[in-house]
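The values are calculated or read from the model by the stated rules, or taken from the named source; none is laboratory data. Every value quoted in this text rests on a predicted model; they were computed, and no experiment measured them. Note that each Cβ is placed from the backbone with ideal geometry, even for glycine, and that neighbours are counted across all protein chains shown. To get the accessible areas, we keep the full protein, side chains included, count just its heavy atoms, and leave off ligands, DNA and RNA. Shrake-Rupley method; radii C 1.70, N 1.55, O 1.52, S 1.80 Å.
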Amino acid sequence: MEDINPIADREGQVGGIESMVVDGRRWFFGLDYSMDTAVSPLIEDPARMAEFASRYMLQTDGEHDVAYWRDLVDSSVGMSGIVGDDEHRTYDSESLAAQRLSPSSQLIYLMGAATAWDESFFEDEAVQAVLATMGVRERDREDWDCLDQCLAALGSDRAEVSGAAARFMTLYQRFIVDNLPANWPEVFAALRPS
């Protein structure tokens, strides 16, 4: 069986196990709840997820064996530390494609966690320009907190503002897809621009 490599710079982080369903397949992943950051590739096999976690992840009290992690993997099917029920962590390619330019808050969170909330996106001049056109204050143009304002601007009756919001969401989508780690881009391939 091929070894599953950790995501660079995320090995040895404290985290728990989450799961979600994409196109009918359940995927498990490690999540550092304190940083809201995904710390593993997406792993389909529960046994392999437990093995991965025992090798590359920690709990607040340190390392644990495969059996300990397998209990957490199994419990992640029925409960989540980030969302209430399976309905909000179930995706299919059609719904993902429909959310490319107006993602749900859960999908925004998930993609942010997967990309470790990489704020280099806001260094792009085109991003700054569309945020300015939308009327986002300069001090609010530096992190992901402005995303809700951008989503709301999509419905503006001012063509200039709604157009800038659509441009922002296109830039956001490309950045996210290009920066997803490990096998996340393959699992979420429906988010890739057509």
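The rule of thumb for compact globular proteins, 2.2 N^0.38 Å, goes into the C-alpha radius of gyration of the stretch 79-194 1.07 times. Near Ser19, once Lys and Arg are set to +1 and Asp and Glu to -1 for all other residues with Cβ below 15 Å from its Cβ, the sum equals -4. Computed from phi, the 3J(HN,Hα) profile of the stretch 147-157 under the Karplus parametrisation 6.51, -1.76, 1.60 (θ = phi - 60°) reads 4, 4, 4, 5, 4, 5, 5, 4, x, 5, 7 Hz, with x in place of Gly and Pro. Principal axis analysis of the Cα atoms in the stretch 10-117 yields extents of 41, 27, 21 Å, listed in decreasing size. Computed extension length for Glu138-Arg55: 25.5 nm, one decimal, from 0.36 nm per residue of separation with the Cα-Cα distance subtracted. In order along the stretch 10-18, the Karplus-derived 3J(HN,Hα) couplings, from 6.51 cos²θ - 1.76 cosθ + 1.60 at θ = phi - 60°, round to 10, 6, x, 7, 6, x, x, 10, 10 Hz, and Gly and Pro are given as x. Placing one equal scatterer on every Cα of the chain and applying the Debye formula, the log10 ratio I(q)/I(0) at q = 0.07, 0.13, 0.16 Å⁻¹ is -0.22, -0.71, -1.00. In the chain, the portion of solvent-accessible area held by carbon and sulfur atoms comes to 47 percent [1.4 Å probe, whole percent, DNA, RNA and ligands not counted].
Estimated at 0.36 nm per residue, the fully extended path between Phe122 and Ala166 surpasses their Cα-Cα distance by 14.2 nm. With each label modelled as a point 7 angstrom along the Cα→C-beta vector, the Asp145-Asp157 pair spans 3.0 nm.
Once the chain from Ala98 to Asn5 is taken as fully extended at 0.36 nm per residue, the excess over their C-alpha distance is 30.3 nm. Spatial offset of the stretch 76-107 relative to the stretch 144-194 amounts to 16 Å, using the alpha carbon center of each.
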